[in-house]
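Q: This is the structure, below, for whatever I ask next.
The values are calculated or read from the model by the stated rules, or taken from the named source; none is laboratory data. All figures in this text were calculated on a predicted structure; none of them were measured in a lab. Heads up, the Cβs are rebuilt from the backbone with ideal geometry, glycines too, and the neighbour counts pull from every protein chain shown. Heads up: the accessible areas ignore ligands, DNA and RNA and are worked out on the full protein's heavy atoms, side chains in. Shrake-Rupley method; radii C 1.70, N 1.55, O 1.52, S 1.80 Å.
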Amino acid sequence: MIRKCYSRRKFLVSAGTTASASVLMPNFAVAQAAPRVVVIGGGFAGATVARALKKADPRIAVTLVEPSRTFTACPFSNLVIGGLRDLKEQQFRYDKVAADGVEIAFATATGVDPQARTVALDSGTTLAYERLVVAPGIDIRWDGLPGYDEATAEKMPHAWKAGAQTLLLRRQLEAMEDGGVVIMAAPANPFRCPPGPYERASLIANYLKTRKPKSKLIVLDAKDAFSKQRLFQNAWAELYPNHLEWVALSKGGKVTSVDVGASTLVTDFASHKATVANVIPPQKAGRIAEVAGVADATGWCPIDAVTFESKRVPNIHVVGDAIIAGGMPKSAFSANAQAKVCAAAIVKLLAGQAPSQPKLINTCYSMVAPNYGITVAGVYEPINGVLTDVQGAGGVSPVDAPRSARAQEALFAEGWFNTITREVFG
Ligand SMILES: Cc1cc2nc3c(=O)[nH]c(=O)nc-3n(C[C@H](O)[C@H](O)[C@H](O)COP(=O)(O)OP(=O)(O)OC[C@H]3O[C@@H](n4cnc5c(N)ncnc54)[C@H](O)[C@@H]3O)c2cc1C
């Protein structure tokens, strides 16, 4: 409660109501500027929060902290790996975000002091905040798979953060002789983009079928079930019967270690030698979440499902892949939806008002081949503090849809990518 009153006074002053504010708290009035919100991470979640805050109330001073001047989007990066798209089409700059009045600090946040309410940057700058938003996406658990570390990732790319890793995997596939064996390791839940490994498997299989027909992809999976499974498996049976093999957890699919020297992925039952290996390792919230104290023992961040405020540290909100989001998948669509709800809640909290109960939507498109798209959609609301699937509100593409419907979904997928990237960065 004390927190709310504190913020409200500052907000009233910044809103130009000096007279009423000075009645509330005379000593505060002259010195206080607009409320300050710092956002760490300029991805789908962070850039959305920053712009939404500025749009909702231009008086809020918003600083977005992001080390890279160019953001490289993961959605559609599997098309780059499959040779169907250029990486440049994945890249976006922050000029339009800055044009909205968001201050951008091109730096890495290295520390958070929740008592002083400050964020330390590697540039040496310290930023003060009334509310902080942590949106760092994921980091790889470098201790999560024996044999797999940062050096190994240069030989066996994960390509689970788009950019150099995406191109590395693409080039390895291009350089592979026809007849080579590509092996992908897919992780256990939770991880960024649940359908992502299977979209990637489809598009690698499409590349092999069309360009290196004597080659094959084997997916070694740490799960028995995955997103849009029936749709993917039906499509694989139809399109890639000779080029894609999926090995479930119960069939010995879980990769327990890798041996980069021998180019092998090891399971409890066998060693699989790969010509090209794509290892998607276990993940956790971006490191700064741990540093700020908002991640728990799972490596992910528990949040209030209405405001996205951390359950561990007051005045810090967390959005995007870093959070424990109940039924919501870790997707760019989810990150964008959560960010808008979080921004609206912050505006209300700064004004001393109660945030509204949200409803959030997610849709994940996947490409199985050129002109072949499939979808899963869901609606979520906070129930007992957990973002919960609204029964009957979502669903997946029909299993028996004609190819014309798949072609239409591929167009919807492209439309979605163009729309979301324009909204977040354009
Ligand atoms: C292959 C693949 C395909 C995908 N396809 C889809 C799809 O089709 N649809 C979909 O909705 N989602 C898709 N996703 C998932 C989507 O990319 C993520 O869910 C989304 O990027 C999450 O947004 P975010 O803002 O949480 O993280 P990010 O977008 O990763 O942004 C995090 C940002 O934080 C910055 N950062 C991290 N630490 C710091 C720090 N200490 N200081 C400052 N900045 C920091 C990073 O530089 C980064 O820019 C896909 C993912 C992959 C890997």
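Q: Sticking to Cα atoms, compute the Rg of the stretch 251-399 to one decimal and its Dmax as the biggest Cα-Cα distance, whole number, in Å.
A: 19.4, 61
Q: Between the stretch 309-345 and the stretch 165-198, what's the alpha-carbon centroid distance in Å?
A: The stretch 309-345 and the stretch 165-198 have Cα centres spaced 28 Å from each other.
Q: Another question about this same structure. Report the convex hull volume per residue for the stretch 189-239, counting only C-alpha atoms, in Å³. Each step should come with its number before you reach the end.
A: Working: hull volume 3.9 nm³, N = 51.
Per-residue hull volume (Cα only) is 77 Å³.
Q: Near Val399, within a Cβ-to-Cβ distance under 14 Å, what is the net charge of the other residues, with Lys and Arg +1 and Asp and Glu -1? Could the numbers behind the result be given before it?
A: Working: positive: Lys228, Arg230, Arg403, Arg406; negative: Glu238, Asp400, Glu409.
Value of the local net charge: +1.
Q: What accessible area per residue, rounded to a whole number of Å², is obtained for the stretch 85-125 using a probe radius of 1.4 Å? List each step's numbers first, then the result.
A: Numbers: 2270 Å² over 41 residues.
In whole numbers, the stretch 85-125 has 55 Å² accessible per residue.
Q: Enter the mean projected area of the convex hull around the alpha-carbon atoms of the stretch 336-419, in nm², rounded to one decimal. Intermediate values should be presented prior to the final figure.
A: Values: hull surface 27.6 nm².
Average of the hull's projected areas for the stretch 336-419 equals 6.9 nm².
Q: First select every other residue whose beta carbon is under 15 angstrom from the beta carbon of Ala297; then total the charges, Lys and Arg +1, Asp and Glu -1. Provide the component values of the computation, followed by the final result.
A: Values: positive: Arg141, Lys284, Lys311, Arg312; negative: Asp143, Glu290, Asp296.
So the surrounding residues net to +1.
Q: Taking the solvent-accessible surface of protein heavy atoms with a 1.4 Å probe, what is the per residue accessible area of the stretch 228-290 in Å²?
A: On the way: 2870 Å² over 63 residues.
Counting only protein heavy atoms, the per-residue value for the stretch 228-290 is 46 Å².
Q: Taking θ as phi - 60°, what are the ³J(HN,Hα) couplings along the stretch 271-279 by the Karplus curve (6.51, -1.76, 1.60), each to the nearest whole Hz, with x for Gly and Pro?
A: Values, residue by residue: 10, 10, 8, 10, 6, 10, 10, 10, 9 Hz.
Q: For the stretch 363-404 and the stretch 411-426, what is the separation of their Cα centres, given in Å?
A: 17
Q: Taking the Cα atoms of the stretch 271-338, report the difference between the largest and smallest coordinate on each principal axis, in whole Å and largest first.
A: So the three principal-axis extents are 49, 26, 17 Å.
Q: Using alpha carbons only, how many angstrom separate the centre of the stretch 118-161 from the centre of the stretch 68-117?
A: So the separation of the two Cα centres works out to 13 Å.
Q: With respect to the cross-link table entries Lys88/Lys251; Lys223/Lys311; Lys161/Lys273, which display a Cα-Cα separation exceeding 32 Å? Mind dumping the intermediate values first?
A: Details: Lys88/Lys251 39 Å; Lys223/Lys311 29 Å; Lys161/Lys273 25 Å.
Listed pairs above 32 Å: Lys88/Lys251.
Q: Another question, if that's okay. How are the alpha carbon pair distances in the chain distributed across 20 Å bins from zero to the largest one, expressed in percent?
A: Using 20 Å bins, I get a P(r) of 26, 54, 18, 2 for the chain.
Q: Between exposed GluC sites (Glu not before Pro) in the chain, where DSSP calls loop and at most 10 other Cβ atoms lie within 10 Å, what's the longest gap?
A: 178-426
Q: Next question. Show the residues, 5+ positions off or on another chain, whose built amide H is closer than 5 Å to the amide H of Ser257.
A: Val266
Q: List the pair-distance distribution P(r) of the stretch 61-178, using every Cα-Cα distance, as the percent of pairs falling in each 10 Å bin from 0 up to the bin containing the longest distance, rounded to whole percents.
A: Result, from short to long distances: 11, 31, 32, 20, 6, 1 percent.
Q: What does the net charge come to around Gly253 if you take all other residues with beta carbon closer than 12 Å to its beta carbon, with K and R at +1 and D and E at -1? Let's see the in-between values first.
A: Details: positive: Lys223, Lys251, Lys254; negative: Asp221, Asp224, Glu245, Asp268.
Once all neighbours under 12 Å are counted, the net charge is -1.
Q: What percentage of the solvent-accessible surface of the chain, computed with a 1.4 Å probe over protein heavy atoms, is contributed by carbon and sulfur atoms? Kindly include the intermediate steps, with their values, before the conclusion.
A: Details: 9400 of 17660 Å².
Answer for the chain: carbon and sulfur cover 53 percent of the accessible area.
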